[in-house]
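A short worksheet on the structure shown next.
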Amino acid sequence: MNTHKTIPSYQEGLKDLENNLTKVIPEEVLTIFRNDAEQLKKAHKDILKINTGDKAPNFSLLNAIGETITLYKLLQKGKVILTFYRGTWCPYCNLQLQQYQQILEESNSLGANLVAISPQTPDESLTIKEKNELKFEVLSDNGNIVAKQFTTVFKNADAPLRAMTSLGIDFNAHYPDDSQELPVPAVFIIEKNGMVSFAKAIDGDYRNRVEAVEIVNALKQ
C-alpha cells in the first residue's frame, strides 16, 4: 500500500482553514493577524537554536495530566519527534497537531514517539489533546525554558493580542505567566543516542508548518 496517500498535506489543509476563517472572523481582524505573520517572517530569519548533528539537551516537563516526562527516558524507548507549537487558541497549531496525529501510527512503527510542547498550562495541554483526540504526549513548558534551547521565542505583539481580545480570546488565561512569549513553531527528530537527525522551522510566519510527510520521510532514512 502507498502510505503517502494517507499522509495529509498541510498546505491543502491550510487553504481550507483560511477559507473557513474568512467566514467567521471580520476582515479587519484577519488583516491584523496577516500583518503580524508577515512582520514575524521578516523579523525571524535564523530560527533554530540546535540543528542536525547537535546533541539535544535533556529536559523534564509536565504532561496534560501532571506527570513528569523526561526526554532522555523517552529516548530509551525509541526516537522522539519534538514539535513546538503556540497554543490551543491557534487554528494553525490545531491543524498541524491533527495532521501529526494521522501519522502517529506510522511514526510509531518507524520507532519514534511524538511529543508536542507549548508554554501553556497542563490544563490547556489537556484541552488541546481532547479537542483534537491526540494520542501523543503534550507537554507544558512554563516560561519557554525548553523552547529557548531549541527554537526562537518572542513576545507576542500588542496588535494581535488586542485582535484576539476582540474575538473573545483571553490569551493570558492559557499560560501560567504574563510574559506573552511564544515559540516559533519548529520540529526536531532526536535519535536514541540524543543526536538531532532532523531540525526544521519554515520561517517566522506561524501559518507555515513542517509537512507530516517530511517527518515520515526523515524517519525512513
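The values are calculated or read from the model by the stated rules, or taken from the named source; none is laboratory data. Everything numeric in this text was worked out from a predicted model, so none of it was measured. No Cβ is skipped: glycine too gets one built from the backbone with ideal geometry, and neighbour counts run over all protein chains shown. Each accessible area value is taken on the protein alone, full model and side chains, heavy atoms only, with ligands, DNA and RNA left out. Shrake-Rupley method; radii C 1.70, N 1.55, O 1.52, S 1.80 Å.
Checking K42 against (1) over 21 Å from L139 (Cβ atoms); (2) of a type in the set (K, R); (3) surrounded by 15 or more Cβ atoms within 10 Å (Cβ to Cβ): exactly one of these is not met. Which one?
(3)
Examine the stretch 182-190 for a residue that is open to solvent by 20 Å² or more (accessible area, probe 1.4 Å) and of a type outside the set (V, I, T), and state whether such a residue exists.
no
List the number of the failed condition for T52; all other conditions in (1) touching a residue at least 24 places away in the same chain (Cβ under 8 Å); (2) part of a helix (DSSP H, G or I); (3) at negative phi hold.
Of everything listed in (1) touching a residue at least 24 places away in the same chain (Cβ under 8 Å); (2) part of a helix (DSSP H, G or I); (3) at negative phi, T52 misses just condition (2).
Give I32, I117 a once-over and let me know the one that is among the hydrophobic types (A, V, I, L, M, F, W, C), out of contact with any strand residue (DSSP E or B) (no Cβ under 6 Å at 6 or more places or on another chain) and either open to solvent by 40 Å² or more (accessible area, probe 1.4 Å) or under 25 Å from E191 (Cα atoms) (or both).
None of the other options fit; the residue is I32.
Counting only residues that are assigned to a helix (DSSP H, G or I) and of a type in the set (A, V, I, L, M), how many does the stretch 76-99 have?
2
Can you run down the residue pairs with Cβ atoms below 7 Å, 6 or more apart or on separate chains, where the first is in the stretch 167-191 and touching a residue at least 24 places away in the same chain (Cβ under 8 Å) and the partner is crowded, with 21+ Cβ neighbours inside 10 Å and hydroxyl-bearing (S, T, Y)?
Matching pairs, first to second residue: H174/T88; P183/T151; V184/T151; V184/T152; P185/Y85; P185/Y206; A186/T151; V187/T83.
Looking only at the stretch 154-181, count every residue that is part of a strand (DSSP E or B) and buried (at least 21 other Cβ atoms within 10 Å of the Cβ) and tell me the total.
The total comes to 0.
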